[in-house]
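Shown next, in structure tokens, is the structure this report addresses.
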Amino acid sequence: MNKNQKFAEWLELRIPYDAKGRNSTVEASCQQYLKKHKSVKIVDLGAGTGANCRYYLSKIFQDQEWFLVEQNQEHLEIGFDRLIVWAQENGYDSQLQDSILVIKNEVRKITIHRIVGSILDLENLIDLKTFDLAVANAVFDLFSEKQFQTLLECLKKYQLPLLATVNYTSTNFIPQSEGDSSFVEYYNQHMQRPQDFGRGMGPDCGDSIGEVMKRIDMKVIQGESPWEISSSDPVFLQFMLKFMEESIPEILEEATLQHELNTWLQKKQQMIAQNQLSCNVTHQDFWGYWE
Ligand SMILES: C[S@@+](CC[C@H](N)C(=O)[O-])C[C@H]1O[C@@H](n2cnc3c(N)ncnc32)[C@H](O)[C@@H]1O
């Protein structure tokens, strides 16, 4: 399994946690806004393998046209395969022509386009003035505040509202044990390490997204979207530890801390194997629009 396929596996495992966590008040505000539209045209930013699109397909009752914008081509290819399976399982016919997927039943037609490119180049990828809504799930913690503001300034030109869900804010293992606070802090700091574009918002995105939205005059509805990962899901917990194991060493200042990290990871692995570890991960959802 290559790196993209492994990441695609993780994106699929997240789906039930995202679905349960998504904030119903934030989501209902967006659905209310969509009611006035006969059909809806939506861009999914950082679409990955299409999980966000699949989630909304049965929550939106009009005909839909989707544009999945994603920088990783293989994610989009896997995403289309998964959309075709979704169509079969949900009683839709599907037809793939060139890079456009049409899924239909007696009452609804859904057209899905895949666009390989960067969200930061959005205006050059699609004709934003024809869209009704932008959505993004689990994406903006990767962005710097400046990049996010530039994106919103672009959406503002077209008065395009944004539903941004499952934006990471913290990780809390249960029970807490020695080392948790410092290694979770390293993990969070890794998301905010200096990169060529600046620093990702990481766990601050819960505050920053709302602030930037308000700064550029959006009305904002915000709410929590937590994950509660039980000790009976070792596969998911192991994925989380793997992300920590791979990222934290990149920012450890002292070699001795690597040994402490290994010991901490080993202890966590033992707890997972004995079904003694669970975890809460907090996130924030945002519905931002212009009046
Ligand atoms: C955590 S995944 C979430 C995927 C999907 N939204 C979901 O809910 O399953 C973040 C995705 O954002 C994509 N991404 C990050 N920065 C991007 C950018 N500048 N332009 C396009 N895609 C980007 C990544 O390649 C990755 O697929």
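The values are calculated or read from the model by the stated rules, or taken from the named source; none is laboratory data. Remember, it's a predicted structure, so these values are computed and weren't measured experimentally. Backbone-built Cβ (ideal geometry, glycine too); neighbour counts: all protein chains shown. These area figures cover heavy atoms from the full protein model, side chains too; ligands, DNA and RNA do not enter into them. Shrake-Rupley method; radii C 1.70, N 1.55, O 1.52, S 1.80 Å.
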At 0.36 nm per residue, and after removing the present C-alpha to C-alpha distance, how many nm does the segment from K242 to E89 gain when stretched out fully?
51.9 nm
Virtual paramagnetic centre 7 Å along Cα→Cβ of E211, amide N under 11 Å, in the range 126-163
145-146
So, counting K/R as plus one and D/E as minus one, what does the shell of residues with Cβ under 12 Å around N72 add up to?
-1
So what is the diffusion coefficient of the range 168-209 in µm² per second by Stokes-Einstein at 25 °C and 0.890 mPa s, using a Kirkwood Rh over Cα pairs?
219
What is the distance, in nm, between label points placed 7 Å from the Cα along the Cα-to-Cβ direction at R108 and at N2?
3.3
Trypsin sites (Lys or Arg not before Pro) lying in DSSP loop within the range 42-91, provided at most 15 other Cβ fall within 10 Å
K59
Roughly to the nearest percent, how much of the accessible area of the chain is carbon and sulfur, given a 1.4 Å probe?
47
For the range 214-291 and the range 1-59, distance of Cα centres in Å:
20
I want to verify a result. In a Gaussian network model of the chain, Cα cutoff 10 Å, which of these has the top mean-square fluctuation: E106, E211, E250?
E106
Applying the gyration tensor rule to the Cα atoms of the range 192-253 (axes a ≥ b ≥ c; rounded if a/c under 1.5, else prolate if a/b exceeds b/c, else oblate), the class is oblate
A student applying the Cα gyration tensor rule (rounded when a/c is under 1.5; otherwise prolate if a/b is larger than b/c, oblate if not) would label the range 2-125 rounded
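Rg(Cα) of the chain divided by 2.2 N^0.38 Å?
Relative to the 2.2 N^0.38 Å estimate, the chain comes out at 1.04.
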Relative contact order computed over the range 44-121 (Cα-Cα under 8 Å; 6+ residues apart), in percent:
36
I want the antiparallel fraction of DSSP beta bridges within the chain, as a percent rounded to 5.
60
Considering only DSSP states other than H, G, I, E and B, which chymotrypsin sites (Phe, Trp or Tyr not before Pro) in the range 12-90 qualify as loop sites with at most 16 other Cβ atoms within 10 Å?
F61
Taking the chain as a Gaussian network, where each spring joins two C-alpha atoms under 10 Å apart, which residue of T169, T49, T25 fluctuates the most?
T25
Given pairs K146/K242; K59/K129; K3/K156; K6/K156; K6/K214; K3/K35 and cut-off 32 Å on Cα-Cα distance, the over-length ones are K3/K156; K6/K156; K6/K214; K3/K35
Please build a GNM for the chain, connecting alpha carbons under 10 Å apart, and tell me which residue among K156, K36, K219 fluctuates the most.
K36
Hey, what do the phi angles of the range 103-120 turn into as Karplus ³J(HN,Hα) couplings, whole Hz, using 6.51/-1.76/1.60 and θ = phi - 60°, x for Gly and Pro?
10, 9, 10, 5, 9, 9, 10, 10, 10, 10, 10, 10, 10, 7, x, 9, 4, 6
Would you mind estimating how fast the range 1-50 diffuses translationally, via Stokes-Einstein at 4 °C and 1.567 mPa s with the Kirkwood radius over Cα pairs, in µm²/s?
97
Please calculate how many Å² of accessible area the chain carries per residue, with a 1.4 Å probe and no DNA, RNA or ligand atoms counted.
49
Mind checking the angle between helix 73-89 and the chain's longest principal axis? C-alpha axes, 0 to 90 degrees, to the nearest 10.
70
Can you tell me how much longer the chain between E9 and H259 gets when fully stretched, taken as 0.36 nm per residue apart minus their C-alpha distance, in nm with one decimal?
87.1 nm
Once the Cα atoms of helix 180-191 and of the chain are each reduced to a long axis, what angle between those two axes, in degrees from 0 to 90 to the nearest 10, is obtained?
40
Quickly work out the S177-to-K267 label distance, labels modelled 7 Å from Cα along the C-beta direction, and quote it in nm with one decimal.
0.6
